[in-house]
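Here is the structure we will look at, set down as structure tokens.
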Amino acid sequence: MHDHPTHCSNSPGQLHGYDCHAARCADTGHPRLDRGHTGAACNTRWSGHRPGENECRDCGLLIHPRADNADLLPLPDLHRLHAECEWGITRQRMALRGRETAAGAEAGQ
């Protein structure tokens, strides 16, 4: 688990602080600070991980820094995440396009 994001001293599971750079809009998945949001109506909870890291790992969207060095761990490929995935309002996370509906249907949502 990573340190707290800039300006957010909340623990995992709590809502992000108003000026937290890691906070995402619950409706769009975009950074809240970049969209001029006011209030907490669309705030999200801090997971303890940087936005997109878990989704990249779950979807297999990883960059292998050097193929010739197996000791280096793969890194989340955030560019592919935003190119190949979409924000799922129900699950409050990114998912491969077309998977949000299928996952929601399986969960009875």
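Coordinate-derived values only; no laboratory data. Please read these numbers as outputs of a predicted model, since none were measured by experiment. We place every Cβ from the backbone using ideal geometry, glycine too, and count neighbours over all the protein chains shown.
Which ordering of ARG24, ARG66 is given by a fewest-first count of other beta-carbon atoms within 10 Å?
On the way: ARG24 23, ARG66 8.
Arranged by neighbour count, lowest to highest, ARG24, ARG66 become ARG66, ARG24.
Choose one of GLN92, LEU73, ASN54: the residue whose Cα lies farthest towards the positive end of the charge dipole of region 53-106 (beta-carbon charges +1 Lys, Arg; -1 Asp, Glu; about the Cα centre).
The residue sitting most towards the positive pole is GLN92.
How much of the pair distance distribution for region 7-85 lies past 21 Å, counting alpha-carbon pairs only, in percent?
Numbers: 1182 of 3081 pairs.
Counting every Cα pair in region 7-85, those more than 21 Å apart make up 38 percent.
Mind listing the long-range amide H neighbours of LEU62? Cut-off is under 5 Å, sequence gap 5 or more, other chains count too, H placed in the peptide plane at 1.01 Å from N.
Amide H to amide H, under 5 Å and 5 or more residues apart or across chains, LEU62 pairs with ASP77.
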